[in-house]
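The values are calculated or read from the model by the stated rules, or taken from the named source; none is laboratory data. Only a predicted model underlies this, so the values are computations on that prediction, with no experimental measurement involved. Quick reminder, even Gly has a Cβ in these numbers, built from the backbone with ideal geometry, and neighbours come from all protein chains shown. Surface areas here come from the heavy atoms of the whole protein model, side chains and all, with no ligands, DNA or RNA. Shrake-Rupley method; radii C 1.70, N 1.55, O 1.52, S 1.80 Å.
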Amino acid sequence: MSNGDNQHTIEIISPGRINIIGEHLDYNGGDVLPMPIHLATQIQLAKMAGTTYEVDSSQFGNTLNRDLNDDHLSDVKWHNYVIGVVSELMKISTHKIKGFKALITSSIPIGSGLSSSASLTCGLLRGLNRLFGLHISKKDMALIAQRVEHQYTGTPCGIMDQYAILFGEKDKALYLNCHTLENKLIDISLQDFQWVLFNSNVKHNLSDSAYEKRVFETRTALSIIQSQFPKYTHLAGVPLDLLKKCRKKMDDEVYKRALYVIEEQNRVEQVVSLLTQNKFHRLGDILYQSHQGLSSLYKVSCVELDYLVDLTKSIDGVFGARMMGGGFGGCTLNLVKKEAVENVVKQLSDAFSKQFKHPCTPIILQ
């Protein structure tokens, strides 16, 4: 990267993330258990004279070059994450942000459910915060990054990804309540086990619209509950017996979405307890339960993800698996005995390629 008018270049490494349990709970005010991974976005930044900024991506090309005050959206999707970050920072630090240039590279597979977009926005926020001495807290950066997703890319996401990337630490899970934002780090020592991802390398077109629909359906469920029990402010905090009392006021699909959310919240609490006790066999069972709920109640799985999860039940060395991320493609998360990883990777990869005529990609987390 040429430094142009300034010799000082900074580099930011912004990780992707997995979520051990608690999928789709973030926008329902529930608990989640994400942790950062070794795959990451790398951003090099340097100041540049003037009031324009220039951002290159080694993966996608289409250099973004515009004035700091120009916040209109681009037809190039990745541009809008950058435009959103710059525009939000200009609102709060107008006189501190000056021209800059950035080069972005990433090892996070796009569409894999490993949060490449939040990795980009959080990394760019960290970089500009440092480059211009803005003194923005990690919490505020997380909230800014979430606003970027909402207002500049149209994704009504929760806060989990941003918090996981900004507050997470290696070999620790972030136990985060997405309603209060209270959080603590939990040491993860898998001992004889290993997290292994299998990227299905598919992303069905339904994913974006279905995500928005799930947000709407769960908000509908909460609204129905609140009409009778107004003290409940978020769906994940509703007791199961109370949901059942409201069952007749909900259509079948809305009820199933709410049932998944409340059952998943209970699973998060179980998993936190099991991890602190190193009870990995039971943890695997809960991963399978989570996938069943995501597939049959929340309906965000797909044939490729269901196939990957179901196949693990007949392979020695796999103790649990589930789809991860928004759904309709991306990765499965698998809890595998270390001694069995090589064999599991071979069996799953061979079977998937034969079934779907394209490969899945194993990712062994470091």
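If you take the residues of segment 91-119 that are open to solvent by 20 Å² or more (accessible area, probe 1.4 Å) and of a type in the set (A, V, I, L, M), which of them is nearest to the chain's Cα centre (by Cα)? Checking each candidate, the answer is 110. Only one of the numbered conditions (1) acidic (Asp, Glu); (2) more than 24 Å from residue 57 (Cα to Cα); (3) touching a residue at least 24 places away in the same chain (Cβ under 8 Å) is violated by residue 161, and that is (2). Determine whether segment 94-110 contains at least one residue that is assigned to a helix (DSSP H, G or I) and either under 30 Å from residue 204 (Cβ atoms) or in contact (Cβ under 8 Å) with a residue 60 or more places away in the chain (or both). No, that holds for no residue.
The set of residues in segment 52-68 being out of contact with any strand residue (DSSP E or B) (no Cβ under 6 Å at 6 or more places or on another chain) and at pLDDT below 95 consists of 59, 60, 61, 62.
Per the conditions (1) of a type outside the set (Ser, Thr, Tyr); (2) in a loop (DSSP other than H, G, I, E, B); (3) surrounded by fewer than 21 Cβ atoms within 10 Å (Cβ to Cβ), the sole criterion not satisfied by residue 292 is (2). Pairing residues of segment 278-303 that are at pLDDT below 95 with residues that are outside any helix (DSSP H, G or I) and surrounded by fewer than 18 Cβ atoms within 10 Å (Cβ to Cβ), at Cβ distances under 9 Å and at least 6 apart in sequence or on separate chains, gives 278/189; 278/190; 278/191; 280/190; 280/191; 280/192. The set of residues in segment 244-289 that are open to solvent by 70 Å² or more (accessible area, probe 1.4 Å), acidic (Asp, Glu) and touching a Phe, Trp or Tyr at 6+ places or on another chain (Cβ under 9 Å) contains only 285.
What number of residues within segment 120-133 satisfy the criterion of being open to solvent by 10 Å² or more (accessible area, probe 1.4 Å), out of contact with any Lys or Arg (no Cβ under 6 Å at 6 or more places or on another chain) and farther than 27 Å from residue 212 by Cα? Step through it out loud before you land on a result.
Going residue by residue through segment 120-133, those that are open to solvent by 10 Å² or more (accessible area, probe 1.4 Å) are 120, 126, 129-133.
Okay, now just the ones that are also out of contact with any Lys or Arg (no Cβ under 6 Å at 6 or more places or on another chain), so 120, 126, 129-131, 133.
Those left that are additionally farther than 27 Å from residue 212 by Cα: 126, 129-131, 133.
Going through segment 120-133 one residue at a time, the tally reaches 5.
Being open to solvent by less than 40 Å² (accessible area, probe 1.4 Å), outside any helix (DSSP H, G or I) and modelled with pLDDT of 95 or more is a property that holds for residue 136.
Within segment 222-245, none of the residues are basic (Lys, Arg) and touching a residue at least 60 places away in the same chain (Cβ under 8 Å).
Tell me whether segment 328-336 contains one or more residues that are closer than 17 Å to residue 25 by Cβ and in contact with an Asp or Glu (Cβ under 8 Å, 6 or more places away or on another chain). Within segment 328-336, none of the residues are closer than 17 Å to residue 25 by Cβ and in contact with an Asp or Glu (Cβ under 8 Å, 6 or more places away or on another chain).
Restricting segment 318-366 to residues that are touching a helix residue (DSSP H, G or I) at 6+ places or on another chain (Cβ under 8 Å), aliphatic (A, V, I, L, M) and part of a strand (DSSP E or B) leaves a set whose member that is surrounded by the most Cβ atoms within 10 Å (Cβ to Cβ) is 323.
Taking segment 141-229 as the region of interest, the strands (runs of 3 or more DSSP E) fully inside it that hold 3 or more residues being polar (S, T, N, Q) and either under 14 Å from the mean Cα position of the chain (by Cα) or crowded, with 18+ Cβ neighbours inside 10 Å (or both) are 193-203.
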